[in-house]
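The structure under discussion appears below in the form of structure tokens.
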Amino acid sequence: MTDDLIARLSADLKPVRPTAMQRLLLAATVVSTIVAIAAMLMWLGMRPDMPDAVWTMSFWTKFGYTLIISALGGVATVILARPEGRTAWPWRAAVGLLAILLVVAVVQLARAEPDEMMPLVVGKTSLVCPWRIVVLGLPILLGTILALRRMAPSSPTLAGFAAGIMAGGAGAWVYSFACDENGMMFLALFYTFGIVMVGAIGAVLGRFLLRW
């Protein structure tokens, strides 16, 4: 009886590509990021000084920091999507990247004039920046969570957090095209806060939506 049951259950099995999981997560991320970009353009619009901004270090620092954080969250998400998934190095790399950014921020502040220091720290949008990142990151998070529901993470909360960090980083990357803040400390504080907020939302969603 047992052998017959096993035979029937395995009769229609089809081979799965080794990279099927990565392809599914990538597709979900790309599609939802396009949605976030469209939302940003309709809601906030591109920063008006973009032709000049692309020649500045601050623009490319925001571009690189948010994109790398998103990539590290994505790597952690892929690893944690498997039942045996355990990882630590993406989190260490993210903390190391933040530490480097803080050093750059301190150097920028040390070189600034006294009346320039506060704008470099809090800017003009510190009260809205994290929330805008959350709003732009949510479509990406939801797309990733839907993809993860087809997988088998053994730590749903941690997998949701990783997905949230990936989505928050991607949302922050999208937002960087609308944001004209130039302070590295602003980036380290308020962008990171927005990313972590999306990570926290992902942890909660993962706890309830990714349970077996």
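Just a yes or no: is a residue in segment 130-146 under 22 Å from Ile34 (Cβ atoms), among the charged types (D, E, K, R) and modelled with pLDDT of 95 or more? Talk me through it step by step, then tell me what you get.
Step one: filter segment 130-146 for residues under 22 Å from Ile34 (Cβ atoms), giving 131-146.
Now restrict to residues that are among the charged types (D, E, K, R): 132.
After this cut, where a residue has to be modelled with pLDDT of 95 or more as well, the list is 132.
For segment 130-146, residues under 22 Å from Ile34 (Cβ atoms), among the charged types (D, E, K, R) and modelled with pLDDT of 95 or more: present.
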In segment 120-163, how many are within 25 Å of Gly183 (Cβ to Cβ) and either in contact with a Leu (Cβ under 7 Å, 6 or more places away or on another chain) or charged (D, E, K, R) (or both)? 3
For the condition in a loop (DSSP other than H, G, I, E, B), surrounded by fewer than 23 Cβ atoms within 10 Å (Cβ to Cβ) and in contact (Cβ under 8 Å) with a residue 40 or more places away in the chain, what is the one hit in Ala203, Ala178? Ala178
Name every residue in segment 110-134 that is over 27 Å from the mean Cα position of the chain (by Cα) and not in a loop (DSSP other than H, G, I, E, B), in order of residue number. Ala110, Arg111, Pro114, Asp115, Glu116, Met117, Met118
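Taking the residues in segment 47-72 that are among the aromatic types (Phe, Trp, Tyr) and over 19 Å from Val30 (Cβ atoms) as candidates, determine which candidate is surrounded by the fewest Cβ atoms within 10 Å (Cβ to Cβ).
In the first step, residues of segment 47-72 are kept if they are among the aromatic types (Phe, Trp, Tyr); the result is 55, 59-60, 63, 65.
Filter again for over 19 Å from Val30 (Cβ atoms), leaving 55, 59-60, 65.
On the way: Trp55: 8, Phe59: 20, Trp60: 13, Tyr65: 25.
Ranking the candidates gives Trp55 first.
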Of Leu67, Leu72, Leu41, the only residue that is over 21 Å from Phe161 (Cβ atoms), modelled with pLDDT of 95 or more and part of a helix (DSSP H, G or I) is Leu41
Looking for whichever is in a helix (DSSP H, G or I), in contact with a Phe, Trp or Tyr (Cβ under 7 Å, 6 or more places away or on another chain) and buried (at least 24 other Cβ atoms within 10 Å of the Cβ) here; the options are Ala172, Ala162. Which one fits? Ala172
Selection from segment 172-207 of residues that are in contact with a Pro (Cβ under 8 Å, 6 or more places away or on another chain) and within 26 Å of Met151 (Cβ to Cβ): Met197, Gly206, Arg207
Considering (1) crowded, with 20+ Cβ neighbours inside 10 Å; (2) touching a Ser or Thr at 6+ places or on another chain (Cβ under 7 Å); (3) outside any helix (DSSP H, G or I), say which one Pro153 fails and leave the rest. (2)
Given the conditions (1) touching a helix residue (DSSP H, G or I) at 6+ places or on another chain (Cβ under 9 Å); (2) modelled with pLDDT of 95 or more; (3) not basic (Lys, Arg), which single one is not true for Gln22? (2)
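Taking segment 108-145 only, how many residues are among the β-branched types (Val, Ile, Thr) and without any contact (Cβ under 8 Å) to a residue 40 or more places away in the chain?
Step one: of segment 108-145, the residues among the β-branched types (Val, Ile, Thr) are 121-122, 125, 128, 133-135, 140, 144-145.
Still in the list and also without any contact (Cβ under 8 Å) to a residue 40 or more places away in the chain: 128.
Residues that pass the stated criteria total 1.
The values are calculated or read from the model by the stated rules, or taken from the named source; none is laboratory data. Computed from a prediction, not measured in an experiment: that's the story for all the values here. Backbone-built Cβ (ideal geometry, glycine too); neighbour counts: all protein chains shown.
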